[in-house]
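Following: one structure in structure tokens, then a few remarks.
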Amino acid sequence: MNYFKGKTVWLTGASSGIGEAMALALAGAGANLILSARRIDKLRAVAERCRQANESIKLWVRPLDLADYHSFADLVPKIIEQSGGVDILINNAGLSQRSLVKDTALEVDEKLIEVNLLGTIALSKAVLPHFLERGSGQFVVITSLMGKFGGPWRSSYAAAKHGLHGFFESLRAEVWRDNIQVTLLCPGFVKTNISLNALTADGRPQQKMDERTAAGLTPQQFAKKALKAIAKRKEEACIGKTEVMAVYLKRFLPGVFTKVISKAKVK
């Protein structure tokens, strides 16, 4: 895919799941990569696989914790300088939820919003001056179908993902004249560890694979579709199996959607 060849792509959440699959797909497409996540050992393993996939690309491993977003204003310019510039920022890192509103501690709501929304906003705001200075760039945000509608067991996760749509749609309206693109990708169920790591009511991880998650797209299938959408510079793309039809059901038959989502098996 010539669109990515020679471009430098900064990818968060690159240590596993969707992020790992996208890193390998981007390496295969000839992109230079800045790989970020919290787990340095996992990042290095992914980086080595990317090197094996394409020895000609440049690679940087830069640990990053979205919860530590107040540090980004100082950290991000250093990473950009070390890499020689960034063409595409892919905001992929995040944390899911499996708990009812009535049971969920406020501290859990705060963590979900900090990581999924504020961390992503802070990183993007720190990269934005670089894009403006060079007169080009592309923000890619891995949101969720939960950014298009809410569902049970996902309240604050859905709130954060809705927030991402609001923020980045506003950003798109502000920077299109500066040759900066914004692409929102909304995955449905993808077979990753997201449900194992999802926070429960007291903040502990669920440590269980959801049936729907296990039956979802493979990370490699998602990555292939995601790269096509990014290369076409689409404003938004919903990627999944039959669950993506819920977006259209809500739009055209909202009453029916309410009944369906309230009874849907989302775990």
- Note on the structure: At the level of C-alpha centres, the distance separating the stretch 148-211 and the stretch 80-125, in angstrom, is 9 Å
- Note on the structure: Once the dipole of the chain is set up from charges on Cβ (+1 Lys and Arg, -1 Asp and Glu), the residue from the list VAL115, PRO254, THR200 lying farthest towards its positive end is PRO254
- Note on the structure: XL table LYS161/LYS208; LYS42/LYS125; LYS58/LYS208; LYS42/LYS263; Cα-Cα > 28 Å flagged, in table order, is LYS58/LYS208; LYS42/LYS263
- Task: Evaluate the charge dipole of the chain about its Cα centre and quote only its size in Debye, nearest 20, assuming +1 on the Cβ of each Lys and Arg and -1 on the Cβ of each Asp and Glu.
- Result: 1040 debye
- Task: Give me the distance in nm between label points sitting 7 Å out from Cα along the Cα-to-Cβ direction at LYS232 and MET1, one decimal.
- Result: 1.1 nm
- Taking the chain, the equivalent ellipsoid from its C-alpha gyration tensor has semi-axes in Å, biggest first, of 29, 20, 19
- Relative to the present Cα-Cα distance, how much length would full extension add between SER170 and MET209 at 0.36 nm per residue of separation? 10.5 nm
- When DSSP assigns beta bridges and you keep just the ones with both residues in the chain, what percent turn out antiparallel, to the nearest 5? 5 percent
- Message: Test of understanding: in a Gaussian network model of the chain with alpha carbons linked when under 10 Å, which of HIS130, HIS162, HIS70 would top the mean-square fluctuation ranking?
- Response: HIS70
- Rough spin-label spacing in nm, given labels placed 7 Å along Cα→Cβ, for LYS78 and ASP65: 1.5 nm
- Note on the structure: In a Gaussian network model of the chain with springs linking alpha carbons closer than 10 Å, the residue among LYS78, LYS102, LYS161 that fluctuates most is LYS102
- Message: Sort MET22, MET245, MET146 by Cβ crowding within 10 Å, fewest neighbours at the top.
- Response: MET245, MET146, MET22
- Note on the structure: With label points set 7 Å from each Cα along the Cα-to-Cβ direction at ALA105 and LYS225, the distance between them in nm comes to 3.6 nm
- Task: Taking the Cβ of ILE239 as the centre, find all other residues whose Cβ is under 11 Å away and add up their charges (Lys, Arg: +1; Asp, Glu: -1).
- Result: +3
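Taken together, the values in this text are just the output of simple stated rules run on the coordinates, not laboratory data. Predicted model only: the values in this text are computed from it and were never measured. Glycine gets a Cβ as well: all are built from the backbone with ideal geometry, and neighbour counts include every protein chain shown.
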